[in-house]
Amino acid sequence: MATLSAAELAQQAAKYEPVIGLEVHVQLNTATKIFCGCPTAFGAPPNSQTCPVCLGLPGALPVLNREAVRKAVLAALGLGCTVNEVSIFARKNYFYPDLPKGYQISQYDRPLAEHGSLFVDARDAHGRPTGGTKTIGITRLHLEEDAGKSLHEGFPDSETFSYVDLNRSGVPLIEIVSEPDMRSPEEAHEYVTRLKQIMLYLDVSDCNMEEGSLRCDANVSLRLRGSERFGTKAEIKNLNSFRFLQRALEFEILRQAEILESGGRVVQETRLYNAAEGRTYSMRSKEEAHDYRYFPEPDLPPLVVSAAAREEIAAKMPELPRAKRERLMAQYGLAAYDAEVLTATQALADYFEAAATGSAHPKAVANWIMGELAAHMNATGETLATIKIQPAHVAQLAALIAEGTISGKMAKEVFARMAATGEPPAAAVAALGLKQESDPAALRALVAQVLAAHPQQAAQYRAGKTALLGFFVGQVMKASRGQANPALVNQLLQEALA
Amino acid sequence: MTDLHTLTTATVRTQLAEGQISARGLVEEFLRAIPAVDGRVHSYLTMAPERARAQAARLDALAERGEPLPPLAGVPVAVKDVISTRGIRTTCGSRALERYTPLFDATAVERLEAAGAIILGKLNCDEFAMGSSNENSAFGPVRNPWDLERVPGGSSGGAAAAVAAGLAVAALGSDTGGSIRQPAAFCGVVGLLPTYGRVSRFGLVAFASSLDHIGPLARSAKDAAAVLAAIAGRDPLDATSADAPVPDYVRQLDEPIAGLRIGVPREAMAAGAGLDAAVAAQFQAALAQLEHAGCKIVEISLPHAPYAIATYYVIATAEASSNLARYDGVRYGLRVEADSLGEMYRRTREAGFGAEVKRRILLGTFVLSAGYYDAYYRKAQRVRNLVAGDYRAAFESVDAIATPTTPTPAFRLGEKIADPLQMYLNDIFTVSADLAGIPGISVPCGFASGLPVGLQLLGNYFEEARLLRLAHHYERLRGAFPDPPVSLAEAPRG
């Protein structure tokens, strides 16, 4: 194969349309495991959170954790899935040292939920958002248990031995399989981002990729643009971050395009992403694929989620990001971008709404939260849970500015003090002695004083060099030690110089 | 004082309450007497003297304080070695678990001890309960106390032989395709298969989870009833255990049987079933006695019965192939070291499992594999439903169903070991109850060629009480069943 430049490769790839589907595994944040009472906390000493059930000891039996079912149903409903009244657990059989029973209890031909959807931004052929929305289908959502972890590194004898930690064995997972509806790495990235956001809103998972509570595999194939038929797909595993997902897809699209352009055929296989090298490697071909010999799990009766149980869970469904974005735009007059930023997390949206409710200046409130407040948290590492500034204080600050009590510049100083002390803005203003001077009589005196001190510049201004207005404003502000109301100063100077 | 081999649950408890015996004394007598007899029978794999003595001491303390004694107080029992016992090795008759000691008790074991029973030890069986002759034990076969050259049946052969020879008053066995009832028939004792879900499987090492049952073996229906009463009932640790209330099985034994309708499946009596003439004669005689006692004998049909064996060997092996995957040498049990993981797996499982277990893992892996699942496993599940449907239909018109437990009496050691299909056919009358999940009981009904014959009675779901009642009445009609030639009866009490 001839070596092509990046630009040539990109040009080749542009002839093809990527077809992408994602399989996302989400660890549910239940206190205990799916089939036993062991805790699920991350980071405990190896094998300290185990029992006969999750160790797969002979004679131990699984008993389903109802809370895991509730969270899975909530997740399914949050993704618009139809929850099956009866679903079946199945055994997925394969040998691996971190799989203590030699099979994983999962669901196969009758999953918990099916036919859901998730909305992403519609994009043009260049991957740019068009302002509309696009629906990504969700094929199925099913419940299963996590396996343990094989530890191949970090021990003095890791050269010759691997270790197994079964703390993770039996942690509840949901697997969410999308339709092959995505057409670009950006779209795939947005899909997982929104999926994660929904899971967090529902409080069904921590979605912490570093700790493995959200994991992602991608199926990708190419077809000539305009073609209806799907090409041969490759499955990519080991995508440990959203960034890696996007990069792996970008690499894989170029790789497949190069094969197709040179007249070759893409091989159906599983590939591993190597983040350090930024490329994918073949892991096993279709022929080497496991035969998992799925069959119904005889140790567990069919999982029944009655209509009543489903409705009870649905009744506690929180407002999800998409609905919240639309409502914030309508209710507070926010721009789409601002609504997007403010709904990034449930906590941020709640904070905003607590501040904006009853405020006459919701947009200003939004700006303070997205600007100073966000910057403060970034700089200090604080979170909405730890910051001292109360939502009502942000609203009060916006009101003080709007009323002209303090200037925007003063407000930044006030804000810094509020952040440090937790004082309401009025108290911070008083403590800083920062009250804005808006008395026209007092300001006129300052204006007269400044003009008298700079007769030459006054003359130049009057001769038409109106750019000097800023100079005079600055002098008046200085004379007032920053407390003069700048808008009023501006007006009074213009009157005096007329 | 009675002889050890004639003790019953009721006599032990009464004698203990009245201070005629001490539980500790009884345990010592059994521990002393067992080796001489069991040297020939080989029913025990592991004795549990410390645990037995500790439990006996607790019961003696209760008796001495004059406190009410639990229903099985002081009753020496033994447990098939596929049932987990905390701190006592549980081998499943396999090299793979030769040195495996469970961290927990099976629920049935826990309940048995809570009811006052004393566990003397663990009983030999076919490896992972796979077999009909006990010749598949990695630790050597059990011999039939009626004829040491013959098999005791399987897979609960140790349990049946021990109870028959008086080496325990009762035992816990397991039944997946007939593994309680068939050895009970071969050894001349009572064996009960409870309804699926009646007794918790927690702690029963799985062979085929949807077919596995724990149940009692005893020398009378009454003792079987007492043991069942102790172990039955919902267990939060087994999601397939049933919530149905547990009746007082012992009290209901004496209720009348006159008027009960007993169905005899035409398919069981057909030529193809391979029924031995002497067995058939004993079976007919038993029916005549029941009829004489007021039962109505009616012919019924179980049209799918001929497919039960094939169905069973698809489903049971499929589940076994998955259930036995965990014996991989990684965490516990046998490990044969090797340079690579795959090689370690291969060597461990090659050395750990016997021929029959390997055969079933291969069969089960095959029937579940891509391209064969529909033709075998899925089809077998359908036939299983049809088999269960046969029983549901039959129980519309009869109260119980009777068959011989096995087509022949106990065969010779080695006679069928080379021909697995012939061996499997031994389960022809027993497997379909496991497939349907209904209860069944085998009760001794005479002899053929000097060997015990079993009468099998099957009932509708959760109708163990009716089966026990029928068996109990039949025992009276039949009269006392003799002791086998090899038993504690030979050993003078010390």
Candidate set: the stretch B:257-276, residues that are farther than 24 Å from B:ARG198 by Cα and assigned to a loop (DSSP other than H, G, I, E, B); chosen: the one most open to solvent (accessible area, probe 1.4 Å): B:ALA258
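Considering only the stretch A:373-432, state which residues are part of a helix (DSSP H, G or I) and β-branched (Val, Ile, Thr). Even if it seems obvious, please write down each step before you answer.
Residues of the stretch A:373-432 that are part of a helix (DSSP H, G or I), as a first pass: A:373-380, A:391-402, A:408-421, A:425-432.
Scanning the stretch A:373-432 gives A:THR380, A:VAL394, A:ILE401, A:VAL414, A:THR421, A:VAL429.
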Test: residue in the stretch A:253-273 that is modelled with pLDDT of 90 or more and within 14 Å of another protein chain (Cβ to nearest Cβ): no
Only listed residue being surrounded by 21 or more Cβ atoms within 10 Å (Cβ to Cβ), within 14 Å of chain A (Cβ to nearest Cβ), in contact (Cβ under 8 Å) with a residue 24 or more places away in the chain and farther than 22 Å from A:TYR96 by Cβ, chosen from B:TYR327, B:TYR377: B:TYR377
Filtered residue count, the stretch B:132-160, keeping only those that are farther than 13 Å from B:ASP81 by Cβ and open to solvent by less than 10 Å² (accessible area, probe 1.4 Å): 8
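Condition (residue is touching a strand residue (DSSP E or B) at 6+ places or on another chain (Cβ under 7 Å), charged (D, E, K, R) and modelled with pLDDT of 95 or more) applied to the stretch B:77-84: is it met by at least one residue? Spell out how you get there, then give the answer.
To start, the set of residues in the stretch B:77-84 that are touching a strand residue (DSSP E or B) at 6+ places or on another chain (Cβ under 7 Å) comprises B:77-83.
Narrowing the set further to residues that are charged (D, E, K, R) leaves B:80-81.
Retained after the next criterion (residues that are modelled with pLDDT of 95 or more): B:80-81.
Yes, some residue in the stretch B:77-84 is touching a strand residue (DSSP E or B) at 6+ places or on another chain (Cβ under 7 Å), charged (D, E, K, R) and modelled with pLDDT of 95 or more.
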Single match in B:ASP235, B:ASP254, B:ASP276 (criterion: within 14 Å of another protein chain (Cβ to nearest Cβ) and either out of contact with any strand residue (DSSP E or B) (no Cβ under 8 Å at 6 or more places or on another chain) or not aliphatic (A, V, I, L, M) (or both)): B:ASP235
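Evaluate the stretch A:190-205: report whether one residue or more is in a helix (DSSP H, G or I), free of Cβ contacts under 8 Å to residues at least 60 places away in the same chain and either in contact with a Cys (Cβ under 7 Å, 6 or more places away or on another chain) or surrounded by fewer than 19 Cβ atoms within 10 Å (Cβ to Cβ) (or both).
Narrowing the stretch A:190-205 to residues in a helix (DSSP H, G or I): A:190-202.
Keeping just the survivors that are free of Cβ contacts under 8 Å to residues at least 60 places away in the same chain gives A:193, A:196.
Now narrow it down to the ones that are either in contact with a Cys (Cβ under 7 Å, 6 or more places away or on another chain) or surrounded by fewer than 19 Cβ atoms within 10 Å (Cβ to Cβ) (or both): A:193, A:196.
Checking the stretch A:190-205: at least one residue is in a helix (DSSP H, G or I), free of Cβ contacts under 8 Å to residues at least 60 places away in the same chain and either in contact with a Cys (Cβ under 7 Å, 6 or more places away or on another chain) or surrounded by fewer than 19 Cβ atoms within 10 Å (Cβ to Cβ) (or both).
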Residue check, B:SER397 open to solvent by 30 Å² or more (accessible area, probe 1.4 Å), of a type in the set (S, T, N, Q) and closer than 30 Å to B:PHE283 by Cα: yes
Filtered residues of the stretch B:434-460 (kept if open to solvent by 10 Å² or more (accessible area, probe 1.4 Å), part of a loop (DSSP other than H, G, I, E, B) and on the phi > 0 side of the Ramachandran plot): B:SER449, B:GLY450
Flag if A:ARG325 is of a type in the set (Lys, Arg) and under 23 Å from the mean Cα position of the chain (by Cα): yes
Check on B:ILE361, within 13 Å of chain A (Cβ to nearest Cβ), assigned to a helix (DSSP H, G or I), buried (at least 17 other Cβ atoms within 10 Å of the Cβ) and in contact (Cβ under 8 Å) with a residue 24 or more places away in the chain: yes
Pairs, first over 18 Å from B:ASP175 (Cβ atoms) in the stretch B:75-93, second assigned to a strand (DSSP E or B) and open to solvent by 10 Å² or more (accessible area, probe 1.4 Å), C-beta under 8 Å, six or more apart: B:ILE88/B:THR46; B:ARG89/B:THR46; B:THR91/B:LEU45; B:THR91/B:THR46
Failed criterion for A:SER87 (all others in (1) touching a Leu at 6+ places or on another chain (Cβ under 7 Å); (2) farther than 29 Å from A:ILE138 by Cβ; (3) in contact (Cβ under 8 Å) with a residue 60 or more places away in the chain hold): (2)
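Given B:GLU98, B:GLU113, which one is acidic (Asp, Glu), away from chain A (no Cβ under 14 Å) and over 17 Å from the mean Cα position of the chain (by Cα)?
That would be B:GLU113, the only listed residue that is acidic (Asp, Glu), away from chain A (no Cβ under 14 Å) and over 17 Å from the mean Cα position of the chain (by Cα).
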The lone exception for A:THR160 - which of (1) assigned to a strand (DSSP E or B); (2) within 14 Å of chain B (Cβ to nearest Cβ); (3) free of Cβ contacts under 8 Å to residues at least 24 places away in the same chain it fails: (1)
Selection within the stretch B:330-346 - within 10 Å of chain A (Cβ to nearest Cβ), surrounded by 14 or more Cβ atoms within 10 Å (Cβ to Cβ) and free of Cβ contacts under 8 Å to residues at least 24 places away in the same chain: B:VAL330, B:ARG331, B:LEU341, B:MET344, B:TYR345
Filtered residues of the stretch A:93-110 (kept if more than 11 Å from chain B (Cβ to nearest Cβ) and either surrounded by 24 or more Cβ atoms within 10 Å (Cβ to Cβ) or at pLDDT below 95 (or both)): A:GLN107
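Conditions (1) in contact with a Phe, Trp or Tyr (Cβ under 8 Å, 6 or more places away or on another chain); (2) surrounded by fewer than 17 Cβ atoms within 10 Å (Cβ to Cβ); (3) at positive phi, marked per residue:
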position: A:GLY408; (1), (2), (3): no, yes, no
position: A:ALA416; (1), (2), (3): no, yes, no
position: A:ALA419; (1), (2), (3): no, no, no
position: A:ALA431; (1), (2), (3): no, yes, no
position: A:ASP439; (1), (2), (3): no, yes, no
position: A:HIS454; (1), (2), (3): yes, yes, no
position: A:ALA459; (1), (2), (3): no, yes, no
position: A:ALA463; (1), (2), (3): no, yes, no
position: A:THR466; (1), (2), (3): no, yes, no
Filter result (open to solvent by less than 10 Å² (accessible area, probe 1.4 Å), outside any helix (DSSP H, G or I) and not polar (S, T, N, Q)) within the stretch A:168-189: A:GLY170, A:VAL171, A:PRO172, A:LEU173, A:ILE174, A:ILE176, A:MET182
Per-region count, the stretch A:50-62, residues in contact (Cβ under 8 Å) with a residue 40 or more places away in the chain and open to solvent by 20 Å² or more (accessible area, probe 1.4 Å): 3
In the stretch A:39-49, residue surrounded by the fewest Cβ atoms within 10 Å (Cβ to Cβ) [restricted to those that are part of a loop (DSSP other than H, G, I, E, B) and more than 14 Å from chain B (Cβ to nearest Cβ)]: A:GLY43
Qualifying residue in the stretch B:332-349 (condition: assigned to a helix (DSSP H, G or I) and within 23 Å of the chain's Cα centre (by Cα)): no
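Could you tell me which of the residues A:ALA68, A:ALA122, A:ALA90, A:ALA147 is within 12 Å of chain B (Cβ to nearest Cβ) and either of a type in the set (A, V, I, L, M) or in a strand (DSSP E or B) (or both)?
On the way: A:ALA68 fails: within 12 Å of chain B (Cβ to nearest Cβ); A:ALA122 fails: within 12 Å of chain B (Cβ to nearest Cβ); A:ALA147 fails: within 12 Å of chain B (Cβ to nearest Cβ).
Of the residues listed, the single one that is within 12 Å of chain B (Cβ to nearest Cβ) and either of a type in the set (A, V, I, L, M) or in a strand (DSSP E or B) (or both) is A:ALA90.
Does B:ARG89 fit the bill of being surrounded by fewer than 24 Cβ atoms within 10 Å (Cβ to Cβ), away from chain A (no Cβ under 14 Å) and on the phi < 0 side of the Ramachandran plot?
Details: surrounded by fewer than 24 Cβ atoms within 10 Å (Cβ to Cβ): yes; away from chain A (no Cβ under 14 Å): no; on the phi < 0 side of the Ramachandran plot: yes.
Against the criterion (surrounded by fewer than 24 Cβ atoms within 10 Å (Cβ to Cβ), away from chain A (no Cβ under 14 Å) and on the phi < 0 side of the Ramachandran plot), B:ARG89 does not qualify.
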Criterion: among the small types (Gly, Ala, Ser), over 23 Å from B:ALA165 (Cα atoms) and away from chain A (no Cβ under 14 Å) - qualifying residue of B:GLY39, B:GLY66: B:GLY66
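The values are calculated or read from the model by the stated rules, or taken from the named source; none is laboratory data. Just so we're clear, the structure is a prediction, and the values are computed from it rather than from any experiment. Counting neighbours? That spans all protein chains shown, and the Cβs are built from the backbone with ideal geometry, glycine included. For accessibility, only protein heavy atoms count, side chains too; no ligands or nucleic acids. Shrake-Rupley method; radii C 1.70, N 1.55, O 1.52, S 1.80 Å.
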